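Report on one structure; see the data block that follows.
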Amino acid sequence: MPRLSLGRRAALLSLGGLAAASIATPARARGSVTAAIYPGAWDEAFRTHVVPALKRAHNVDLAMEPLFAVDQVNKVQAARGAPPFDVFVLDPGPRITAIERGLCEPFDARQIPNRAQVPERMIDQWGIGVSVQVVGIAYNPRKLPVPKGWADLFREPFVSRLGITGFQTTFGTVSLIEIAKVFGGSETNVEPAFVELKKVLPRIAAVGAPAAMPGLFQQGQCDVMYTNTQNVATLKERGVDIAFAIPETGAPAFLTTMHLVKGTREAANAYRYIDTVVSAGVQEALSKPPFNFIPVNQAVPLGADMPMRSLDEMANFVSHDWSKINPLRSDWIQRFNREMAR
Amino acid sequence: MSIAVAAPVAAGAAPLRRDIGPWALTLPLGAAYLAFFVAPLLMLLAVSFYADERMTTLGLRQWERFLGDPFHWKVVADTLLLGAKTVAATVLLGLPLALVWRTAPPFWQRMLLFIVVLPLLTSVVVRTFAWIVILGREGVVNALVLGLGLASEPLRLLQTELGLVIALTQIEMPLLMLPLLAVISRIDPNVIDASASLGASPWRTLFTVILPLSLPGISAGCLLVFASSTTAFISQSVIGGGRLVYLPALVWQQAMVVSDWPFAATAAVMLMVSVMAVIAVIALVGRVAAGRIGG
């Protein structure tokens, strides 16, 4: 009897061991990585394409935290060495801030096998470009004619249907700078934008938080706003009447980059994630409707409805010197919120 | 506060350390409160006394900045006023419902209670976005108003204080109704019958008997509604929009967008102090009323 029971125990043990082994080795994910992501179009696009691609290619689970660039930088700084996520996705302004404040790990491009397909000027010792964003005017073509430029937003029929947002996002900042320029201001002088906004404020349809703007447009609360091409594409896919207009003074374009957060414990998976994002497969999927991301991977052709035919055309778009804008920006943010208050 | 919980004291059983026993049971919660509520609160207070954003030198600069600027006083006033308006609207709508509930048969009492509690069972985000759909320019209310020919232009409800108060009234209603119903259900029906048999009209009975007896419940409910609506950050920012600035939005903007912690801490302390001051007044009114009834 003892022998039998021993045998039974051994059998159970080995069965259990087999089961444990089968769970442990091939099926178990290699781990996970948490990435900050812009709310809205980026969040949806990455959920649709990057999450499954990363799982397939590297067996890594991707968790995402929707935050605008400025919020990401402040959140990491607030966490003081215990980063709430592993990868930043940043626009040029917050990118400089994050590097200056020492919130980025040095970036080792050799960990990104797909880097060969990304233009060299988009890679540096701090990160890599993942997409180009183009900012302009979104409007409802069934209710409004095509706006020609920024100044049109301050005239009827546009102004009473206009939705605005402040300086806390890159698209808001560059739009307000371009508005200021049209009325005699410059990259460092947004005074004219404030003056003009003050004049029309009682007539403006909506003043909202940046994340609220697509919802306000969808609900018909406003019919014209400044935003980037991805948000337009995502709303259009949902059946919203929306079209994108490039202002006559040119549309701002900027590179969006990814960076490792200082103190990340998932550096290897973070590199796998970034490599997946810039891979030809994912870049092509993201460049298709409804997302219409402008790809940085040169193996991916730029689609017919993209605002540019090739990445070289970026030179024809409006660019900004963020080292000059950054020191002024926090005052602009506060001033906007104060002056737009009822 | 006026929500007193009658602690059942076991009269017969008198163990040796009877005095310490119940207190020892509160130790875990007490310790948690000390570590995770009192300590952070003191830290918040301390941060507000840093003079610069980098938090290197101490000083009263943030307080001077806050108190010396009429804009911030207006934000404080608007926040308290929003709370007052929400309290007024919930009481005006909730009180008649509570009176109906008092006389309703048990089945309808249960149904009414369920309907009253319903808003608590949905997430705040869902509730808030539902109100966008209802109040929007092309929303349910405007479709009705335009369809009935009551107005030629869509009404502006979203991103106005009126719209925000309407939404908050629905969102905060359960916080008024639950304490109010608890108190109103305990009113002795004989007192009301006595009032009627002594010749008082129903209105007089309402104002001299029922309302004074339900005051403790009303004040407890007002207290909760006021505290909750003045700090309802999501509803305020999503339904109110960018042109209505209240203290919670100011705190968030300073802490998370501008990254000025000392000033954010100052605004947060101001929010707490001003809301607590009003709550103290409400609680006092409730206690005075309860005291007068008690004898």
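Sticking with the crude label model, points 7 Å out along Cα→Cβ, report the distance from A:Arg238 to A:Lys288 in nm, one decimal please. My value for the distance between the label points is 2.2 nm.
The Kirkwood radius of region A:97-210, taken over pairs of alpha-carbon atoms, gives through the Stokes-Einstein law at 37 °C and 0.692 mPa s a diffusion coefficient of 194 µm² s⁻¹. Only lysine pairs 8 or more places apart, or on different chains, with alpha-carbon atoms under 18 angstrom apart are counted in the protein assembly as shown, and they number 8.
Applying 1/(1 + (r/R0)^6) with R0 = 22 Å to the Cβ-Cβ distance of B:Ala35 and B:Val273 gives a FRET efficiency near 0.45. Taking the average, over residues, of other Cβ atoms within 10 Å as the packing measure, peptides B:240-248, B:159-167 rank B:240-248, B:159-167 from highest down. Backbone geometry of region A:196-209 corresponds, through the Karplus equation with coefficients 6.51, -1.76 and 1.60 at θ = phi - 60°, to 3J(HN,Hα) couplings of 5, 5, 4, 4, 9, 3, x, 8, 5, 6, 7, 10, x, 5 Hz, x marking Gly and Pro. Residues in region A:157-165 carry Karplus couplings, in order, of x, 6, 4, 7, 10, 7, x, 10, 9 Hz; the curve used is 6.51 cos²θ - 1.76 cosθ + 1.60 with θ = phi - 60°, and Gly or Pro positions show x. Across peptide A:204-212, the mean count of Cβ atoms from other chains lying within 10 Å of each residue's own Cβ comes to 5.
Distance between the pseudo-spin-label points of A:Ser32 and A:Ala63 (7 Å out from Cα toward the beta carbon): 0.4 nm.
Dimensions of the protein assembly as shown from C-alpha coordinates, computed as largest minus smallest value along each principal axis and given longest first, are 94, 92, 56 Å.
Size estimate for chain B follows the Kirkwood approach: the inverse of mean 1/r over distinct Cα pairs works out to 22.4 Å.
Taking amide H positions as modeled 1.01 Å from N, with prolines and chain starts lacking one, the residues under 5 Å from A:Val261 and 5 or more places away or on another chain are A:Val87, A:Phe88, A:Glu105.
Enumerate the amide H contacts of A:Ile294 below 5 Å, restricted to partners 5 or more residues apart or on another chain; note that Pro and chain-start residues carry no placed amide H. Hits under the 5 Å cutoff: A:Val132. Close amide-amide hydrogen proximity is noted between A:Glu65 and A:Ala35, A:Ala36, A:Ile37, each under 5 Å apart and 5 or more residues distant or on a separate chain (H modeled in the peptide plane; Pro and chain starts excluded). Legend: mean number of C-beta atoms from other chains within 10 angstrom of residue C-beta atoms, peptide B:133-139, equals 4.
Coupling constants for region A:106-111 follow from the phi torsions by the Karplus curve (6.51 cos²θ - 1.76 cosθ + 1.60, θ = phi - 60°), and in residue order they are x, 9, 9, 4, 5, 6 Hz; glycine and proline get x.
Residues A:Arg238, A:Arg161, ranked from the fewest to the most other C-beta atoms within 10 Å, line up as A:Arg238, A:Arg161.
Placing a label point 7 Å from the Cα of B:Asp69 along the Cα-to-Cβ line, the residues of region A:166-185 whose backbone N sits under 18 Å from it are A:166-168.
Quick note: the coordinates plus some simple rules give every number you see, no bench work behind them. All values derive from a computational prediction rather than experimental measurement. Positions of Cβ are backbone-derived with ideal geometry, glycine not excepted, and every protein chain shown enters the neighbour counts.
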